[in-house]
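Novice: Let me give you the structure first, and then I'll get to my questions.
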Amino acid sequence: MKVKLVATALFMTATMCFGQEDLKEREKQAAFDPAYSSYSRKKPAYITLKDGTKIEGDIKDVDRKKGQIERLKIIENGKKKVKIEATEIADLYMAPSGFDQFNKQATYFNDATKWGKSDASKHISKGYTMYTNQMVSLKNKKKPTEYLMQVINPKYSQKIEVYSDPWAKQTASIGVGSLKLAGGIAKSYYIKKGDEKVLWLTKKDFDEHFESLFMDNEKFKAKYADHKFKWSLLGVYVLDYTEFSMETETVESK
């Protein structure tokens, strides 16, 4: 009986917060890109330097510090080896390892030009991974340093960018016996709202930052006023916040 009551309460909460919307479908729409630690050697990378120079070349090597990219070595024009520091790069698009087997999904984001940076849409729609230069204090403790951070919500990143934490721990997976029902999710990400500094956001301190991240939008506030927020729905919150903010801006501009 107790289990039934708990299940009923959870269902009622989800219904109140999301109305007729299929939450599972919404979670698919808001799913973060996988965090990649490897890259394809068969597809070119596209680099834009801070001075606007664009470079296309094959990745020779990637140097990392604490899991974050701090240097690239590429072969430009098929022969010239070039070493580029992260501090020189504005953004980077790399094909992930296994790119040739990449299965493009026909999702809610068919029109990639509607989301994220418009000049990146052609790369994102082809399955490329997006990185941007950010000044980051790793785990909110280290001296701020410039790294190339992987953006894992590139198609809805206009208001809030979420970056992978290569060293993130995972939540426990759910399973019965040898049957794995659901995999674990990262317990931490790096996140940047507007022009604010990059924040290392963890599952443990999510409640501390929820209001400052999302509750300055009235539509979002109304939808989630009585909602007990969950770490697993971070992508949904970011997507909702983005949509509501853009709707508000559209109305105000008329």
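The values are calculated or read from the model by the stated rules, or taken from the named source; none is laboratory data. All values reported here derive from a predicted model rather than from experimental measurement. Counting neighbours? That spans all protein chains shown, and the Cβs are built from the backbone with ideal geometry, glycine included. Ligands, DNA and RNA are excluded from the accessible area calculation, which covers all protein heavy atoms including side chains. Shrake-Rupley method; radii C 1.70, N 1.55, O 1.52, S 1.80 Å.
Novice: Pairs only if they're at least six apart or on different chains, beta carbon under 9 angstrom, first in segment 135-153 and over 16 Å from Thr202 (Cα atoms) and in a loop (DSSP other than H, G, I, E, B), second among the hydrophobic types (A, V, I, L, M, F, W, C) and open to solvent by 70 Å² or more (accessible area, probe 1.4 Å); list them, first residue then second.
Specialist: Pro144/Met135
Novice: Also, I was wondering about something else. Within segment 19-30, work out how many residues are at pLDDT 85 or above and acidic (Asp, Glu).
Specialist: Residues meeting the conditions: 2.
Quick grid of which residues meet (1) open to solvent by less than 60 Å² (accessible area, probe 1.4 Å); (2) within 27 Å of Ser245 (Cα to Cα); (3) at pLDDT 85 or above:
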residue: Val82; (1), (2), (3): yes, no, yes
residue: Glu88; (1), (2), (3): no, no, yes
residue: Asp91; (1), (2), (3): yes, yes, yes
residue: Pro96; (1), (2), (3): yes, no, yes
residue: Gln101; (1), (2), (3): no, no, no
residue: Thr107; (1), (2), (3): yes, yes, no
residue: Thr113; (1), (2), (3): no, yes, no
residue: Ala120; (1), (2), (3): yes, yes, no
residue: Ser125; (1), (2), (3): yes, yes, no
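Novice: If you scan segment 209-243, which residues turn out to be open to solvent by less than 30 Å² (accessible area, probe 1.4 Å) and not in a helix (DSSP H, G or I)? If you could, list the steps in order and put the result at the bottom.
Specialist: Here is the first cut: in segment 209-243, the ones open to solvent by less than 30 Å² (accessible area, probe 1.4 Å) are 210, 213-214, 217, 220, 224, 227, 231, 233-242.
Of everything in segment 209-243, those that are open to solvent by less than 30 Å² (accessible area, probe 1.4 Å) and not in a helix (DSSP H, G or I) turn out to be Asn217, Tyr224, His227.
Novice: I'd like the residue in segment 63-80 that is assigned to a strand (DSSP E or B) and open to solvent by 70 Å² or more (accessible area, probe 1.4 Å) and, out of all such residues, is farthest from Trp167 (Cα to Cα).
Specialist: That would be Lys80.
Novice: Being part of a helix (DSSP H, G or I), of a type outside the set (S, T, N, Q) and open to solvent by 50 Å² or more (accessible area, probe 1.4 Å) is the filter here; which residues of segment 244-254 pass it?
Specialist: Of everything in segment 244-254, those that are part of a helix (DSSP H, G or I), of a type outside the set (S, T, N, Q) and open to solvent by 50 Å² or more (accessible area, probe 1.4 Å) turn out to be Met246, Glu247, Glu249, Val251, Glu252.
Novice: Moving on to the next point. So, in segment 191-236, how many residues would count as being among the aromatic types (Phe, Trp, Tyr) and in contact with a Lys or Arg (Cβ under 9 Å, 6 or more places away or on another chain)?
Specialist: Result for segment 191-236: 4.
Residue-by-condition table, conditions (1) at pLDDT below 90; (2) open to solvent by 30 Å² or more (accessible area, probe 1.4 Å):
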site	(1), (2)
Cys17	yes, no
Phe32	no, yes
Lys42	yes, yes
Thr48	no, no
Gly52	no, yes
Glu56	no, yes
Asp61	no, yes
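Novice: List the number of the failed condition for Leu181; all other conditions in (1) in a strand (DSSP E or B); (2) modelled with pLDDT of 95 or more hold.
Specialist: Only one criterion in (1) in a strand (DSSP E or B); (2) modelled with pLDDT of 95 or more is unmet by Leu181, namely (2).
Novice: All but one of (1) of a type in the set (Lys, Arg); (2) in contact (Cβ under 8 Å) with a residue 24 or more places away in the chain; (3) exposed (fewer than 11 other Cβ atoms within 10 Å of the Cβ) hold for Lys204; which doesn't?
Specialist: Checking Lys204 against (1) of a type in the set (Lys, Arg); (2) in contact (Cβ under 8 Å) with a residue 24 or more places away in the chain; (3) exposed (fewer than 11 other Cβ atoms within 10 Å of the Cβ), the one that fails is (2).
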